[in-house]
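To keep things clear, I will list the structure first and then write my remarks on it.
The values are calculated or read from the model by the stated rules, or taken from the named source; none is laboratory data. Everything numeric here is computed off the predicted structure, so don't read it as measured data. So basically every Cβ, Gly included, is an ideal-geometry build from the backbone, and we count neighbours across all protein chains shown. When the accessible area is computed, the model is the full protein with side chains, heavy atoms only, and any ligands, DNA or RNA have been set aside. Shrake-Rupley method; radii C 1.70, N 1.55, O 1.52, S 1.80 Å.
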Amino acid sequence: MTTYNWMKLYLLLTGLILSLSAFGIRGFVMDQDPYAVYQADELKNGTFLHDFLVVGPFPNPLPEGVTEYFHTDEACPGFSKDYLEPAGGESGVRPGAGDPVELPDGEIIRWQVHHSEYDKVDLRKIFTPNEGVVAYAALWIESKKKQEKLFGIGSNDGVKVWFNGEPILRVHKPRPVKADDEYLRLKLNEGRNLLLIKIGQGFGGWGFILRPVDEQTAWDKIQENLDVALNSEFYTEEGYIKGTVGDRNVVGMLRGLPEAEVVFRSIHSDHQHTIHLPLGSALKLPLSDFPGDEYSVSITFPTENDTHTSFAYLCTGGDVIEETRKFIYKELPEMPASAMADHFQGYMETTRWLDQTNKLWQHPYGYRRYLDGLKFVHAAASELSKPGHPFLAVFPPPAEKVLTGQMCRITSAWSIYDPGKADDFIISELERVWQSTFGSSPEYSDNPEKDKTIRLEITDKASPGQPEGSYALQIEQEQLVITSSSRQGLFYGINTLLQALEQQRELPVGTIRDQPAYPLRSTLQTATELTPGFIQNIEQLARLRYNVVYIYSGNYFDLDDPQKLKNTEAMFEFCRSRFIEPVPYFETFGSSTITRLMDPCLDEGIYHEKESWQVPENGIIELAVPRILDCPGTSIQICTKDGRVLTRDSDYKIISTEKPLVEILKKELRNRELLLSYDAVDFSLFPHPASCPSDPQGWEIQEKVISNVLTKLQPGKLHISQDEAGAINSCSRCLARNLSNKEIMIDQINRVYGIIRKYDPDVDICIWGDLFNDFQNAPVIGAEGAVEGLPKDILVHDWNYVAVYHSDKKQTLKQMSFYLDRGFRVGGVVWFEPANIIDILQAGEKRGSLFRGIMHTAWSDFDHSLYPVAEANWTGTTLQGRLKF
């Protein structure tokens, strides 16, 4: 017998053994051929499949010059490459255990049977390497007749699916594994049918999930997030309007759904077209019935208790993606250097980046959200390139300008009257601009009535209803007066004046009045000392009228160190000198907490109770988890099947907690089955585990850090994170308390709150909103309703980062309204997506003082929304304008 046939026999027997211990998975058998076969009539709806043929990993390398996996075909070549071509190709392969597949370098790998202990098939635990790769999974379905079966599938990251050689699904985007992201309607032939799945991977989590479902189960699941399921895409082709009422891969796969009223409303005229048909139906409407060029499409249908409306977009006059790209890649006219020119250039660079990195997912609505803004930028940049008054170049643009035809010429002979002169940014900026414009330092005067004087005046108090930071700038031919109720407001007035002066020395006579739209204009910085880079960033933020910076620093964990305290105080004092409030930011609970950074023993583990292990001859048990907790209060226990508990250091010892190894010391216990109980932690997953809220030592650490920060730095605000916990109430310490996840969340936030209030009754506490929001991550951790116990004086920063679809807009409205409707103060949060700003402004408008403004977050050095957020916070608008749909 050849080596190859011996391998085939070995794999056949291995697969047979696996099938016999398949933990009750119905319908899975390993017959005489080495195929993973499910019997169609024995598939149980709602039960996840655990057994697959798998092969991989195959390379998915970043091309030269590309630094991140943006999930485009260009950036992920392995997702498009047919690695099964030597074995018949992705459309022709018929895999079985032991069948060979040749890698590009000539190495032979083989299909293998894999049984997953969990509903999710975690490919990171099967394959190495497990980043920058792709892999295949397959299963066979044996059917005694022709019939249809519905399956739900989810993946991390992108997925491609073939059924009997035909491609039926392609989704190319980063996402976590969730049940039933899409559905597969499989038309089974009599006999064996092949389902082939390809899963892409950049970095982080990697896997998929698959289950048969019935129509009702699928519809119930869809109703948990109707807006996403109804992301319709309509297009024109061969004289018709085509598309699906809802996502083709979600509701488009179901039958018997409610009838919907679909209304097409022209954006630029009064034309309207209405049809009625079931959700998931395919459309084919004569284009001649649609004389308008752009339509807002509403899809309204009855739900169990009410009606629901989702929205879509239709462009009949051409390809909106290509039209938008014409503006994206059209060069702007040459403009004189200014903050406004930087804004326009930055916006163009951002939209190019969004297009090139597939952040808009090639979706018409995603591109349409930028089209008006791009048109405006080109028109405004053209105006800026022509001679005109210099205040056109000021950013953010002043709210009110009343200018005459007269001019005032500023020269080096002008002096500054500043009775409140201090070591702050006003002095620095005057010095900088005077040196660059006139080649000399400014002269200061004690006479406010002297001609050729720039006079800075602080009024006794602000006018009623006038926000902090407001100012007035009065320009006359021989004198210029800036007034405000605060030195910060004077700086904003000086900033406007100096931006204009950098354009030209002649300024139009008249009055400028300006004020911020929102009081909380914030962003994030990571720093441990006052470096030149930190100084440069803070000064840029001040010029853009940001007034709060959340500073993440490891210094907070050890402020007893005099040098770390000194470094932190220096950063904070510099921020204040630039009219920016520094706010300590650290995680008291969430995906990257104080305790995890200071003592990994305090992680939230996942308790494995009486897990069965066969002890090998050498006595070394290798646990199939990345790390275990071996700390006070955690449960490491080993017992025999008859219940005898083994004694540590006598019967066994822990060799390693990282890549855990346990040695069974007594020889009579070897070659036996033992039961192990332990807490495991896996930080390769995202979201990461949180800190354990049930460990007294963890609370001691938290109180020390919080008390040090509040007593030694005395901040006006404190940001305590509380975001993206991947697992709660799952370790032995938490489970012993016998509380629900909701009760655990309420208990921990109130304990943190109590510690903070113990040391400072007045500090303004800020958190991220996702773990208490029933529309975001509270359901992920099973803590719906925890908002009931959230103290009402906490300010919630609500983040929602994707703005491609109408459903994203509705999601933003829902998330922020969740808190606003309950009377919480709320700040919206954006990342790289300027279109989010429109949604946040819409969600926050008419909410009075409850809506505080927008935070710009710059994770991984993304700064694409820095200028748009500054514009929105100061002016209350954005150059993108407001879409009419």
(message) For the list (1) farther than 19 Å from residue 863 by Cα; (2) not small (Gly, Ala, Ser); (3) not in a loop (DSSP other than H, G, I, E, B), I need the number of the one condition that residue 537 fails.
(response) (1)
(request) Name the single residue, out of those in region 836-864 being open to solvent by 70 Å² or more (accessible area, probe 1.4 Å) and among the small types (Gly, Ala, Ser), that is modelled with the highest pLDDT. (result) 849
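Any idea which of 706, 744, 654 is among the β-branched types (Val, Ile, Thr), in a strand (DSSP E or B), open to solvent by less than 60 Å² (accessible area, probe 1.4 Å) and modelled with pLDDT of 90 or more?
Working: 706 fails: in a strand (DSSP E or B); 744 fails: in a strand (DSSP E or B).
Of the residues listed, the single one that is among the β-branched types (Val, Ile, Thr), in a strand (DSSP E or B), open to solvent by less than 60 Å² (accessible area, probe 1.4 Å) and modelled with pLDDT of 90 or more is 654.
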(request) Among what's in region 318-340 and is touching a Ser or Thr at 6+ places or on another chain (Cβ under 9 Å) and not charged (D, E, K, R), pick the residue that is most open to solvent (accessible area, probe 1.4 Å). (result) 336
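Run down 505, 487 and say which single residue is open to solvent by 10 Å² or more (accessible area, probe 1.4 Å), basic (Lys, Arg) and more than 44 Å from the chain's Cα centre (by Cα). Break it down stepwise before answering.
On the way: 487 fails: more than 44 Å from the chain's Cα centre (by Cα).
One residue alone meets the criteria, 505.
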(message) Filter region 564-578 down to the residues that are closer than 11 Å to residue 529 by Cβ and open to solvent by less than 20 Å² (accessible area, probe 1.4 Å) and list them by number.
(response) 568, 571
(message) Quick test for you: out of 126, 108, pick the one residue that is in contact (Cβ under 8 Å) with a residue 12 or more places away in the chain and surrounded by fewer than 22 Cβ atoms within 10 Å (Cβ to Cβ).
(response) 126
(message) For region 761-802: of the residues being out of contact with any strand residue (DSSP E or B) (no Cβ under 6 Å at 6 or more places or on another chain) and in a helix (DSSP H, G or I), which is most open to solvent (accessible area, probe 1.4 Å)?
(response) 788
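Is it true that residue 451 is part of a loop (DSSP other than H, G, I, E, B), more than 50 Å from the chain's Cα centre (by Cα) and surrounded by fewer than 14 Cβ atoms within 10 Å (Cβ to Cβ)?
Here the answer is yes, as residue 451 does meet what is asked.
Out of 148, 182, 131, which single residue is among the acidic types (Asp, Glu), at pLDDT 95 or above and open to solvent by 30 Å² or more (accessible area, probe 1.4 Å)? Give the derivation first.
Working: 182 fails: open to solvent by 30 Å² or more (accessible area, probe 1.4 Å); 131 fails: at pLDDT 95 or above.
After applying the criteria, what remains is 148.
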(message) Quick check on my filter: what residues within region 251-260 are open to solvent by 10 Å² or more (accessible area, probe 1.4 Å) and among the β-branched types (Val, Ile, Thr)?
(response) none
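Of all the residues that make up region 368-395, how many are in a helix (DSSP H, G or I) and closer than 16 Å to residue 343 by Cα? Steps first, answer last, please.
Going residue by residue through region 368-395, those that are in a helix (DSSP H, G or I) are 368-384, 390-393.
If we keep only those that are closer than 16 Å to residue 343 by Cα too, we end up with 370, 372-384, 390-393.
Result for region 368-395: 18.
From the list 327, 344, which residue is under 29 Å from the mean Cα position of the chain (by Cα), within 30 Å of residue 235 (Cβ to Cβ) and not in a loop (DSSP other than H, G, I, E, B)?
Details: 344 fails: within 30 Å of residue 235 (Cβ to Cβ).
Matching residue, one of 327, 344: 327.
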(request) Sort out which residues of region 640-651 are open to solvent by 60 Å² or more (accessible area, probe 1.4 Å) and in a strand (DSSP E or B), and write them in order of number. (result) 645, 648
(request) Keeping to region 855-885, report how many residues are in contact with a Phe, Trp or Tyr (Cβ under 7 Å, 6 or more places away or on another chain) and among the β-branched types (Val, Ile, Thr). (result) 1
(message) Scan region 229-241 and tell me whether some residue there is open to solvent by 20 Å² or more (accessible area, probe 1.4 Å), among the charged types (D, E, K, R) and at pLDDT 95 or above.
(response) no
(request) Within region 415-473, track down each residue that is touching a Ser or Thr at 6+ places or on another chain (Cβ under 7 Å) and among the hydroxyl-bearing types (Ser, Thr, Tyr). (result) 415, 417, 440, 444, 445, 453, 459, 470, 471
(request) Have a look at 399, 379 and point out the one that is touching a residue at least 12 places away in the same chain (Cβ under 8 Å), more than 30 Å from residue 174 (Cβ to Cβ), out of contact with any Phe, Trp or Tyr (no Cβ under 8 Å at 6 or more places or on another chain) and open to solvent by 10 Å² or more (accessible area, probe 1.4 Å). (result) 399
(request) Could you grab the pairs with beta carbons closer than 9 Å, sequence gap of 6+ or different chains, first residue in region 486-507 and closer than 21 Å to residue 387 by Cα, second one of a type in the set (S, T, N, Q) and outside any loop (DSSP other than H, G, I, E, B)? (result) 498/437; 501/437; 502/436; 502/437; 505/437
(message) Regarding region 158-166, can at least one residue be identified that is open to solvent by 20 Å² or more (accessible area, probe 1.4 Å), in a loop (DSSP other than H, G, I, E, B) and modelled with pLDDT under 95?
(response) no
(message) Could you go through region 660-668 and let me know if any residue there is closer than 21 Å to residue 602 by Cα, free of Cβ contacts under 8 Å to residues at least 40 places away in the same chain and not in a helix (DSSP H, G or I).
(response) yes
(request) Count, please, the residues in region 407-420 that happen to be surrounded by fewer than 14 Cβ atoms within 10 Å (Cβ to Cβ), of a type outside the set (A, V, I, L, M) and assigned to a loop (DSSP other than H, G, I, E, B). (result) 3
(request) Considering only region 671-691, state which residues are within 23 Å of the chain's Cα centre (by Cα), surrounded by fewer than 20 Cβ atoms within 10 Å (Cβ to Cβ) and at pLDDT 80 or above. (result) 682
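Being open to solvent by 40 Å² or more (accessible area, probe 1.4 Å) and part of a loop (DSSP other than H, G, I, E, B) is the requirement here; does residue 173 meet it? Walk me through how you get there before you give the answer.
Numbers: open to solvent by 40 Å² or more (accessible area, probe 1.4 Å): yes; part of a loop (DSSP other than H, G, I, E, B): yes.
For residue 173, the condition - open to solvent by 40 Å² or more (accessible area, probe 1.4 Å) and part of a loop (DSSP other than H, G, I, E, B) - is met.
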(request) Exactly one condition in (1) over 30 Å from residue 293 (Cβ atoms); (2) in contact with a strand residue (DSSP E or B) (Cβ under 8 Å, 6 or more places away or on another chain); (3) open to solvent by 50 Å² or more (accessible area, probe 1.4 Å); (4) touching a residue at least 60 places away in the same chain (Cβ under 8 Å) is not met by residue 203; state its number. (result) (2)
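Filter region 111-143 down to the residues that are over 21 Å from residue 89 (Cα atoms) and among the small types (Gly, Ala, Ser), then identify the one that is nearest to the chain's Cα centre (by Cα). Walk me through how you get there before you give the answer.
Going residue by residue through region 111-143, those that are over 21 Å from residue 89 (Cα atoms) are 114-132, 142-143.
This time we only want the ones that are among the small types (Gly, Ala, Ser), so: 116, 132, 143.
Details: 116: 28, 132: 20, 143: 42 Å.
So the residue we want is 132.
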(request) Can you give me the number of residues within region 54-75 that are open to solvent by 20 Å² or more (accessible area, probe 1.4 Å), closer than 24 Å to residue 126 by Cα and aliphatic (A, V, I, L, M)? (result) 1
